[in-house]
1. Calculate the length of the line joining the C-alpha centroid of segment B:1-80 to that of segment A:201-261, in whole Å.
2. When the accessible area of segment B:110-261 is computed with all protein chains present and a 1.4 Å probe, what percentage of it is carbon and sulfur?
3. Would you mind giving the three semi-axes, in whole Å and largest first, of the ellipsoid equivalent to segment A:80-155 according to its Cα gyration tensor?
4. Using alpha carbons only, how many degrees (0 to 90, rounded to 10) separate the axis of helix B:100-111 from the longest principal axis of chain B?
5. Cα-Cα over 18 Å: which of B:27/B:213; A:52/B:65; B:42/B:167?
6. If you average 1/r over all unlike Cα pairs in segment A:205-248 and invert the result, what Kirkwood radius do you get in angstrom?
7. Would you kindly calculate the translational diffusion coefficient of the protein assembly as shown, applying Stokes-Einstein with the Kirkwood radius from alpha carbon pairs, for 37 °C and a viscosity of 0.692 mPa s, and quote it in µm² s⁻¹ without decimals?
8. In degrees, nearest 10, range 0 to 90: what is the angle between the Cα axis of helix A:228-245 and the longest Cα principal axis of chain A?
2 protein chains.
Amino acid sequence: MQSHDINPTAAILVIGDEILSGRTKDKNIGWLAEQFSAQGIKLMEARIIADKKNIIVENVQALSKNYDLVFTSGGIGPTHDDITTDAIAAAFEVKVICHPEAERRLIAHYANTNLEFNAARKKMADIPDTASLIDNPLSAAPGYIIGNVHVLPGVPKILQAMFEGLKSKLPGGIVMTRITVRCSTGEGNIAMILADVEAHHDGVSIGSYPYMKPGHFGTAVVVSGLDFEITTMAAKMVEADVRAFGADAFIVNADGTLSGQ
Amino acid sequence: MQSHDINPTAAILVIGDEILSGRTKDKNIGWLAEQFSAQGIKLMEARIIADKKNIIVENVQALSKNYDLVFTSGGIGPTHDDITTDAIAAAFEVKVICHPEAERRLIAHYANTNLEFNAARKKMADIPDTASLIDNPLSAAPGYIIGNVHVLPGVPKILQAMFEGLKSKLPGGIVMTRITVRCSTGEGNIAMILADVEAHHDGVSIGSYPYMKPGHFGTAVVVSGLDFEITTMAAKMVEADVRAFGADAFIVNADGTLSGQ
């Protein structure tokens, strides 16, 4: 059983030359990925692309077609390098319009600052025709939804504030059960055990992630699946089999403590 | 002038369910992006995808065709969820072979540990036929190059150590000049200035990135281009025009100090 058979699928499209140049480190993919996991949305892929209209159009169309939900980040500010809205409109073959409610919010926002609501800032009221707004509680300039594409800004704090308001409206899914078993042995020692447990538990997938810390090393085994009972059984079998092999193994409880300690 | 007309282009493919679930935050894209910038390789896109063979094959083929260099990270360890090598071989329509030199290195490495060189670890000597090895100075298990695809592990420290040994062999390009002008005003105030300077300097692109810190906010304007003289002229014009507009503006020197202060 693949979780994306029943859970909504999603893709993230980060738009920004500054990420590709290495100048800015993306923080939105990791944050959104955690949010999606917490509400049963399955992130299928993430892409980081340049601020180029044809590239944005191509990627938006491909991801929008392949997945239930798409989230973009970046390129909806007031300057000439903010071309996401033009590209999104082109991808959906609609015009860009000045959205009256978006303009109203921006006028109200800038009236409370010492900043002029000039032509550049007015650009932030430009939205693809038929899109609906996503509220921006921090700096007024809205994001928007068109088709299955959710357009968010690149600044992490603003993206996060906007996503918080949005998330209760997103389709949810069954939240995946994910249990970590901390094993005090190299993953190469227990590879057969893990493959075997996975093969015998329908719908369960097992990932193994080596860790090295001063004084000890080992493997974090992550057992995940949509069925809580089956996933828990699989995690307990990993714990038991690794112990039978002769290494320490502990299920990590939700609060970070180790089982049986 | 687009820099990728003369500089080699690259794409990064991060392979790993643990990144898509939000459990692990990717650190390889940002690190590699900086490395590429430093030696004139133009990163065109980065993708994060699942540990699924058909998905890996599709992405490797697409990126390998579109760009000069491809770098993958993740999925070359000893466990059942490490399927990158199978997928890369399939993408290039070659067999996976046990590489004698890779095996020799692994045997030598494990002889110096208390770890058994078992079947799972022997899997790390499996390499697509015709691939050449990338040295791993930390944990022996090599990466490899096949066609224009460079296959690296997911653990950041190991990836970094392997890339350090690899980078002098990569094709270089002209290193982009990138000058930051720190402006004490909102990007919406200077949007017209930036668009105008960019339009008048061939091959120069200008990005603007708002920053907010307690007590002050402003815009980091990043002026970049392959031609040092033209890029420097453009940065100086941004500085002068923003000052003429009435805000503070300073070119940030390479050592982090501000020009003229």
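1. With segment B:1-80 and segment A:201-261 each reduced to a Cα centre, they are spaced 29 Å.
2. On the way: 4020 of 7230 Å².
Taking all protein chains in place, segment B:110-261 shows 56 percent carbon and sulfur surface.
3. Details: eigenvalues 89, 31, 25 Å².
Working through the eigenvalues yields semi-axes of 21, 12, 11 Å.
4. 90 degrees
5. On the way: B:27/B:213 25 Å; A:52/B:65 20 Å; B:42/B:167 14 Å.
Distance filter (> 18 Å) returns B:27/B:213; A:52/B:65.
6. On the way: mean 1/r = 0.0869 Å⁻¹.
Averaging 1/r across every pair of different Cα atoms and inverting gives 11.5 Å.
7. Numbers: Rh = 24.8 Å.
After rounding, the answer is 132 µm²/s.
8. Result, in degrees: 50.
The values are calculated or read from the model by the stated rules, or taken from the named source; none is laboratory data. Remember, predicted model here, so these are calculated numbers, not experimental data. All Cβ positions, glycine included, derive from the backbone under ideal geometry; neighbour counts span all protein chains shown. Side chains included, ligands, DNA and RNA excluded: accessible areas come from the protein's heavy atoms. Shrake-Rupley method; radii C 1.70, N 1.55, O 1.52, S 1.80 Å.
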